[in-house]
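> Pasting a structure here, questions to come.
Read the figures in this text as sums done on the coordinates, not as results from a lab. Since the structure is predicted, the reported quantities are computational estimates derived from the model, not experimental observations.
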Amino acid sequence: MQLAEKNIEERQQGLRFDFNRQRQKVIDEELIELISGFEVLSSPPPGSFRCLER
């Protein structure tokens, strides 16, 4: 009985690890999309020039 409980606990731990890894992957992808979108919106439009002050 103790061996079965140990096997169940190990399996649960493995599943929890897999779930958390997949969850973190989704979070990372969403953050990359947000940051990329922000960078696009905050950059000057193509063909525009910045005036350099001297």
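> Take the alpha carbon gyration tensor of the chain, find the square roots of its eigenvalues, order them as a ≥ b ≥ c, and report rounded if a/c is under 1.5; if not, report prolate when a/b exceeds b/c, else oblate.
prolate
> If you don't mind, there's one more thing I want to ask. Taking Cα atoms, how many degrees apart are the long axis of helix 2-42 and the longest axis of the chain, rounded to 10 and kept between 0 and 90?
So the helix axis and the longest Cα principal axis differ by about 10 degrees.
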